[in-house]
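Enquirer: Okay, here's the structure, questions in a sec.
The values are calculated or read from the model by the stated rules, or taken from the named source; none is laboratory data. Please read all numbers here as calculations on a predicted model, not as lab measurements. Cβ atoms come from the backbone with ideal geometry, glycine included; neighbour counts cover every protein chain shown. Calculation scope for accessible area: heavy atoms of the full protein, side chains included, ligands and nucleic acids excluded. Shrake-Rupley method; radii C 1.70, N 1.55, O 1.52, S 1.80 Å.
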Amino acid sequence: MHVLVVEDDDTIAGPLLKGLVREGYTADRVATGAAALVAPVPDVVLLDLGLPDIDGYEVCRRLRDASEVPIIVITARGQEADRVAGLDLGADDYLVKPFGFRELVARIRAVTRRTDAGRGPATDTTVSVNGELEIDRRARRVRIGDTEVTLTRKEFDLLALLATDPGAVHSREEILEQVWDPHWYGPTKTLDVHMASLRRKLGDPTLIETVRGVGFRMRDDR
């Protein structure tokens, strides 16, 4: 597995690269956002936000627009607003410095498991939900009428899960387990952030209903 470390601090990047290699990863390092954006797409990106040329949030957004590569933000910015901003731009996880290397490796494994699971089997089919909403699980594409809706990997997985049984309630715990990880230990706020973004992109906030104290369900118009 190829890991790209985007970190301008040599004292952090050096030990991190050595540790990743010891764990059996192939690891490369770039020190600027510009270099990260032109580098070959790796299997995982470890992204520092405090880069010398381009703001790390902007790098995260551009990387996510260009591919579905898993992105783990690694930064000293530990405020909730910073975490939410990074996750809303498409990051898969957010790790605050200082952190334990074993925790980092566990998170790399978690995001890659979720990525592999999210691809789904080749036999997945296209389903239509609530009239004009069409979800193609095999191609991971969503259309509303004649308009294609661009979703992040997590947003698509959330929508696909809810669409498996319109009207059925999915608990927050079930969603985190299936879309994130069975042993998710990150902030549950990330679910609300991704759900709000998904609703905005679908253009109809009532399509996904909140069941207070339980979770969410897709509106059933049948």
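Enquirer: Out of residues 5 or more away from LEU51 or on other chains, whose amide H comes under 5 Å of its own, with H placed 1.01 Å from N in the peptide plane?
Expert: Close amide H contacts, sequence-distant or interchain: GLY56.
Enquirer: Out of segment 79-109, which chymotrypsin sites (Phe, Trp or Tyr not before Pro) are coil in DSSP terms and have no more than 13 other C-beta atoms within 10 Å?
Expert: Those that pass, being in a loop and sparsely packed, are PHE99.
Enquirer: Here's another thing I want to ask about it. So how tilted is helix 56-66 from the main axis of the chain? Cα-based, degrees 0 to 90, rounded to 10.
Expert: Between helix and principal axis, roughly 60 degrees.
Enquirer: Viscosity 1.306 mPa s, temperature 10 °C: Stokes-Einstein D of segment 6-93 from its Kirkwood Cα radius, in µm² per second? Numbers along the way, then the final one.
Expert: Working: Rh = 13.1 Å.
Stokes-Einstein gives a translational diffusion coefficient of 121 µm²/s.
Enquirer: Nearest 10 degrees is fine. How inclined is helix 153-163 to the longest principal axis of the chain, computing both from alpha carbons?
Expert: Between helix and principal axis, roughly 20 degrees.
Enquirer: If you take every DSSP beta bridge fully contained in the chain, what fraction is antiparallel? Give it as a percent rounded to 5.
Expert: 50
Enquirer: Rank VAL59, VAL149 by accessible area, highest first, at a 1.4 Å probe radius?
Expert: Result of the area sort, largest leading: VAL149, VAL59.
Enquirer: Enumerate the calculated ³J(HN,Hα) couplings along segment 36-49 in order (Karplus 6.51 cos²θ - 1.76 cosθ + 1.60, θ = phi - 60°), each rounded to whole Hz, writing x wherever the residue is Gly or Pro.
Expert: For segment 36-49, the Karplus-derived couplings read 5, 6, 9, 6, x, 5, x, 8, 8, 10, 9, 10, 7, 8 Hz, x marking Gly and Pro.
Enquirer: Sequence gap at least 6, Cα distance under 8 Å: using those rules, report the relative contact order of the chain to the nearest whole percent. Mind showing how you got there, number by number?
Expert: Details: 341 pairs, mean separation 29.6, N = 222.
Relative contact order, the chain: 13 percent.
Enquirer: Moving on. Hey, what number do you get for the chain at 222 nm if only DSSP H runs of n ≥ 4 count, each worth -39500 (n - 2.57), divided across all residues, to the nearest 500?
Expert: -12000 deg cm²/dmol, from helical runs alone.
Enquirer: For ASP146, what charge total do you get from the other residues with a beta carbon under 15 Å from its beta carbon, if Lys and Arg give +1 and Asp and Glu give -1?
Expert: -2
Enquirer: Using a 10 Å cut-off on Cβ atoms, rank the peptides 211-217, 137-143 from the highest mean neighbour count down.
Expert: Details: 211-217: 13.7, 137-143: 16.3.
The densest-packed peptide leads the list: 137-143, 211-217.
Enquirer: Restricting to lysines 8 or more places apart or on different chains, can you count the pairs in the chain with Cα atoms under 25 Å from each other?
Expert: 6
Enquirer: Under 5 Å between amide hydrogens, which residues at least 5 positions from ARG29 or on another chain qualify, with H placed 1.01 Å from N in the peptide plane?
Expert: The list, which skips near neighbours in sequence, is VAL5.
Enquirer: Local charge sum around GLY14 (other residues, Cβ-Cβ under 14 Å, Lys/Arg +1, Asp/Glu -1)?
Expert: Result for the local shell: -3.
Enquirer: Normalised by the empirical 2.2 N^0.38 Å for globular proteins, what value does the Cα Rg of the chain take?
Expert: Dividing the Cα radius of gyration by 2.2 N^0.38 Å gives 1.05.
Enquirer: In degrees, nearest 10, range 0 to 90: what is the angle between the Cα axis of helix 101-119 and the longest Cα principal axis of the chain?
Expert: 40
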